[in-house]
1. Whenever you get a sec, compute what percent of the accessible area on segment 253-382 sits on carbon and sulfur atoms (1.4 Å probe).
2. Report the label-to-label distance for Thr145 and Asn375 in nanometres (one decimal), using points 7 Å from each Cα along the Cα→Cβ vector.
3. So between Ile212 and Thr254, what do we pick up on full extension, going 0.36 nm a residue minus the alpha carbon distance?
4. Within segment 23-161, what whole-number % of the accessible surface is contributed by carbon and sulfur, with the 1.4 Å probe and all protein chains included in the calculation?
5. Tell me what the chain gives for mean residue ellipticity at 222 nm when only DSSP H runs of n ≥ 4 count, each as -39,500 (n - 2.57), the sum divided by the residue total, rounded to 500 deg cm²/dmol.
6. Which order do peptides 23-29, 342-348, 286-292 fall in by mean Cβ count within 10 Å, highest first?
7. Set the Förster radius R0 to 45 Å, insert the Cβ-Cβ distance between Glu107 and Glu413 as r into 1/(1 + (r/R0)^6), and round the FRET efficiency to 0.05.
8. State the answer as a single residue: which of Gly126, Ile414, Ala101 lies farthest towards the positive end of the charge dipole of the chain, with beta carbon charges of +1 for Lys and Arg and -1 for Asp and Glu, about the Cα centre.
Amino acid sequence: MKLAIFLPLAALLATAKSADVTYHKDVLPVLQKNCQICHRPGEAGPMSFTSYKETRPWAKSIRDAVASKKMPPWYADPAHGKFANDRRLDPKEIETLSQWAATGAKEGNPKDAPKPVAFASGWTIGKPDLILEMPLEFDIPAKGTLEYQHFVIPTNFKEDVWVTAVEVRPSNRAVTHHGVAFVRPPGSKWLQDAKPGVAYVPKGRWQNNLGINEEIFETYVPGAVPHHLQPGQAKLIPAGSDIVLQMHYTANGTAGKDKSKIGFVFAKEPPVERVYSMNITQSKFIIPPGASAHPVDAKFTFQQEVKLLALSPHMHLRGKSMEYTAVYPTGESEVLLNVPNYDFSWQLFYYVDKPKVLPKGTSINVHATFDNSANNKNNPDATKEVKWGDQSWEEMMVGFVDVVIPAKTDPMEIYRPSRPAKPAAE
Ligand code: HEC
């Protein structure tokens with residue numbers, strides 16, 4: 001009896017509520033939490049969602065973008081893995097935004113609005129102990145496509161340096177699609193023709209292979225806050241290393257300049273654990289013209305136990321999907337991350353919600369597919385056979401993996417089978 005009365009009442013309340021969806025009361029809190037990090041002045045989003053006036057004309061596009069899951073950008077298949085930086089909207093938030101568009105995108109009462117969010121305008125890692133900078137500004141034209149630009153910046157470190165936080169800060173976010181800081185240790189052959197500080201686009205196909213000694217250190221993507229390491233964790237910059245900034249600039253109709261900085265916070269005490277970035281790569285492939293889902297696989301077996309921290313698929317314009325599967329020494333397997341609809345525009349890192357132990361002998365299989373057909377709207381040329389290369393019309397198949405190891409462990413131990421212990425000296 002009670003239930004019979006309760007149900008229609010609830011239904012009534014629900015319709016009354018949805019008819020009343022307003023910008024200030026319902027929509028702004030969702031935009032603040034999920035969208036303004038990119039959709040505010042000076043950030044990567046092409047328009048700002050910080051006032052009713054700015055947001056109102058976009059009501060229908062907002063509805064479509066969140067219904068299609070195009071926004072916010074997040075590409076992990078929810079069936080596998082849990083991620084600390086998961087950005088997806090919950091169904092209620094999607095409902096609020098679509099109801100708002102469906103009911104005339106009303107403003108409502110400004111008194112209902114939450115307080116504006118105070119976004120950090122300086123370094124989000126706190127005051128860096130060291131700031132390195134591109135020595136010259138780079139000019140980004142108003143139109144056209146730019147290849148990735150590389151800037152070699154020497155650290156001049158005389159000894160090894162442990163850092164607890166790194167942040168890449170473009171000076172011009174409107175034209176910076178993303179930027180990656182790599183550590184290139186002394187003796188590395190990677191980009192060896194590049195002159196320090198001068199924008200460099202690699203030429204040869206094989207010149208650009210990252211070895212196991214070059215480490216991806218920090219990535220700037222719009223809206224991402226640098227990852228905070230746990231207490232006791234740090235990353236290592238070997239003495240004499242260079243920082244290589246790899247910048248992806250995109251023309252946005254207005255010519256601009258950028259002069260990116262990288263900030264480092266040094267470890268105040270010796271770390272217990274080291275965060276180490278590695279990659280599981282397959283560079284030997286030939287993608288035939290027209291292929292719609294050409295498979296490419298890579299596999300890596302850990303020779304030491306590690307804890308998994310983050311995964312980040314990297315392919316170019318023909319990249320279609322990437323899936324990471326762990327195969328444990330027991331024979332059991334588990335999909336760690338599946339990105340069924342990869343988008344080159346978004347170089348996302350997926351941080352696991354809890355670091356996952358991968359015992360010695362665990363393999364990670366990385367399975368990618370490439371769409372070299374005319375149906376792929378990003379495909380620069382469906383009639384070409386495609387191989388590994390740094391240029392965006394060539395391809396890459398790299399599964400980035402960040403792991404945690406004891407600070408004293410040489411990361412090379414992860415790669416090589418341990419040798420039998422030497423007999424004690426007599
Ligand atoms: C990580 C940064 C980022 C976040 C977070 C983000 N956006 Fe965007 N958004 C962009 C960028 C960059 C573009 C333009 C490029 C594109 O369309 O992919 C864009 C484009 C859009 C568009 C235009 C889509 C189209 O098809 O032209 C809409 C609408 C939009 N965003 C709404 C939202 C909403 C609503 C949210 C929050 C729920 C959100 N965005 C979160 C960066 C972001």
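The values are calculated or read from the model by the stated rules, or taken from the named source; none is laboratory data. Remember, predicted model here, so these are calculated numbers, not experimental data. Counting neighbours? That spans all protein chains shown, and the Cβs are built from the backbone with ideal geometry, glycine included. Accessible surface is based on the protein model in full, side chains and every heavy atom, while ligands, DNA and RNA are left aside. Shrake-Rupley method; radii C 1.70, N 1.55, O 1.52, S 1.80 Å.
1. Here it works out to 51 percent.
2. Between Thr145 and Asn375, the label points sit 2.1 nm apart.
3. 11.2 nm
4. That share works out to 55 percent.
5. Working: 6 runs with 54 residues, N = 426.
The helix contribution divided over the chain gives -3500 deg cm²/dmol.
6. Result, highest mean Cβ count within 10 Å first: 23-29, 342-348, 286-292.
7. Efficiency, from the Cβ-Cβ distance: 0.15.
8. Ala101
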